[in-house]
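Novice: Can you keep this structure in mind? I'll have questions shortly.
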Amino acid sequence: MAIGLSMIFTSIMMIALPAFINAVGMPEVLGGAWIGGTIDATGAVVAAGAFLGDKALNVAATIKMIQNILIGLIAFGVAVYWATKVENNGKAKIGASEIWKRFPKFILGFLGASLLFSALYAGMSPAYSSALIDHGLIGGFTSDLRGWMFCLAFVSIGLSVNFKELKHQFSGGKPLILYICGQLFNLALTLLMAYIMFYVVFPEITDLI
């Protein structure tokens, strides 16, 4: 139910949020940070940021990547706690295989790719790394592949959402009300924090973007 609600509202926000940002004339950096901090799915963040421009896309993707790493670590901690203290009642130790099973593997892929490409950038001249990696591998060779993968990911998520099965869980509308209230609070708080960080605390970084 939680994933289904999240994906439904993610699809809506992916279109509505950039439209609102453009309508009110919000700066691209602030809009990108707001998108990166509020839209749940990484693919939707990239798509929404692209609606605003390259600057917003880069800021949104960076914020979301940082958030993804933190979410993965927190989720791992919660999973270990739940397995050892709640499901197990603290009676027996949980083995390494169970911890590995619950560990969010995407963190390893993200860190591995980041370290690899950082090393490649460090070992090449700026012009060569830009031509080979930015425009060749990332902007050229894998661009269409990544686009199709994003599409397939959203289609796959849609295949797993069965409204008939979810219907009985929405009795009284309380889960929907809870999600909307939480998301509105998230939107307001993230916008405030994005403004404080990019325009009050670190304005010199914003000027360089």
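The values are calculated or read from the model by the stated rules, or taken from the named source; none is laboratory data. Keep in mind that this is a model prediction, so the values were computed, not measured. Note that each Cβ is placed from the backbone with ideal geometry, even for glycine, and that neighbours are counted across all protein chains shown.
Novice: Tell me the residue from Ala92, Ala79, Ala83 that is assigned to a loop (DSSP other than H, G, I, E, B), modelled with pLDDT under 80, farther than 29 Å from Glu28 by Cα and not basic (Lys, Arg), please.
Specialist: Numbers: Ala79 fails: assigned to a loop (DSSP other than H, G, I, E, B); Ala83 fails: assigned to a loop (DSSP other than H, G, I, E, B).
So the residue among Ala92, Ala79, Ala83 that is assigned to a loop (DSSP other than H, G, I, E, B), modelled with pLDDT under 80, farther than 29 Å from Glu28 by Cα and not basic (Lys, Arg) is Ala92.
Novice: Of the conditions (1) at pLDDT below 90; (2) of a type in the set (A, V, I, L, M); (3) surrounded by fewer than 20 Cβ atoms within 10 Å (Cβ to Cβ); (4) under 18 Å from Leu187 (Cβ atoms), Leu30 satisfies every one except a single condition; which number is it?
Specialist: (1)
Novice: Answer with yes or no whether Ile35 is assigned to a helix (DSSP H, G or I), modelled with pLDDT of 90 or more and either in contact with a His (Cβ under 9 Å, 6 or more places away or on another chain) or buried (at least 18 other Cβ atoms within 10 Å of the Cβ) (or both).
Specialist: Values: assigned to a helix (DSSP H, G or I): yes; modelled with pLDDT of 90 or more: yes; either in contact with a His (Cβ under 9 Å, 6 or more places away or on another chain) or buried (at least 18 other Cβ atoms within 10 Å of the Cβ) (or both): yes.
Here the answer is yes, as Ile35 does meet what is asked.
Novice: Is at least one residue of the range 49-66 under 13 Å from the mean Cα position of the chain (by Cα), without any contact (Cβ under 8 Å) to a residue 12 or more places away in the chain and part of a helix (DSSP H, G or I)?
Specialist: Yes: the range 49-66 contains one or more residues that are under 13 Å from the mean Cα position of the chain (by Cα), without any contact (Cβ under 8 Å) to a residue 12 or more places away in the chain and part of a helix (DSSP H, G or I).
Novice: I want to confirm something. Restricting to the range 161-194 and keeping residues that are of a type in the set (Ser, Thr, Tyr) and in contact (Cβ under 8 Å) with a residue 60 or more places away in the chain, which single residue is nearest to Trp34 (Cα to Cα)?
Specialist: The first filter runs over the range 161-194 and keeps only residues of a type in the set (Ser, Thr, Tyr), leaving 171, 179, 190.
Next, from what is left, pick out any that are in contact (Cβ under 8 Å) with a residue 60 or more places away in the chain: 179, 190.
Values: Tyr179: 18, Thr190: 6 Å.
Filtering first and then ranking leaves Thr190.
Novice: Keeping to the range 1-25, report how many residues are over 22 Å from Lys167 (Cα atoms) and either surrounded by fewer than 19 Cβ atoms within 10 Å (Cβ to Cβ) or aromatic (Phe, Trp, Tyr) (or both).
Specialist: So the answer is 8.
Novice: Determine which member of the set Phe76, Phe154 is touching a residue at least 40 places away in the same chain (Cβ under 8 Å) and either surrounded by 10 or more Cβ atoms within 10 Å (Cβ to Cβ) or in contact with a strand residue (DSSP E or B) (Cβ under 8 Å, 6 or more places away or on another chain) (or both).
Specialist: Selected residue: Phe154, the only one of Phe76, Phe154 that is touching a residue at least 40 places away in the same chain (Cβ under 8 Å) and either surrounded by 10 or more Cβ atoms within 10 Å (Cβ to Cβ) or in contact with a strand residue (DSSP E or B) (Cβ under 8 Å, 6 or more places away or on another chain) (or both).
Novice: Sticking with this structure for a sec: If we scan the range 133-140, do we find a residue that is of a type in the set (D, E, K, R), within 27 Å of the chain's Cα centre (by Cα), closer than 28 Å to Val46 by Cβ and exposed (fewer than 12 other Cβ atoms within 10 Å of the Cβ)? Write out each step before concluding.
Specialist: Here is the first cut: in the range 133-140, the residues of a type in the set (D, E, K, R) are 134.
So of that shortlist, the ones also within 27 Å of the chain's Cα centre (by Cα) come out as 134.
With the extra rule that they be closer than 28 Å to Val46 by Cβ, the set shrinks to 134.
Retained after the next criterion (residues that are exposed (fewer than 12 other Cβ atoms within 10 Å of the Cβ)): none.
No, the range 133-140 contains no residue that is of a type in the set (D, E, K, R), within 27 Å of the chain's Cα centre (by Cα), closer than 28 Å to Val46 by Cβ and exposed (fewer than 12 other Cβ atoms within 10 Å of the Cβ).
Novice: Here is a follow-up. Restricting the search to the range 1-23, which residues are within 16 Å of Gly36 (Cα to Cα) and among the aliphatic types (A, V, I, L, M)?
Specialist: Across the range 1-23, the qualifying residues are Met7, Ile12, Met13, Met14, Ile15, Ala16, Leu17, Ala19, Ile21.
Novice: A further question follows. Could you please tell me which pairs satisfy a Cβ distance under 8 Å, a separation of 6+ or placement on different chains, a first residue in the range 1-19 that is farther than 17 Å from Leu184 by Cβ and touching a residue at least 60 places away in the same chain (Cβ under 8 Å), and a second residue that is surrounded by fewer than 17 Cβ atoms within 10 Å (Cβ to Cβ) and among the aliphatic types (A, V, I, L, M)?
Specialist: Listed pairs, sorted by first residue: Met1/Leu166; Ile3/Val161; Gly4/Val161; Gly4/Leu166; Met7/Val161.
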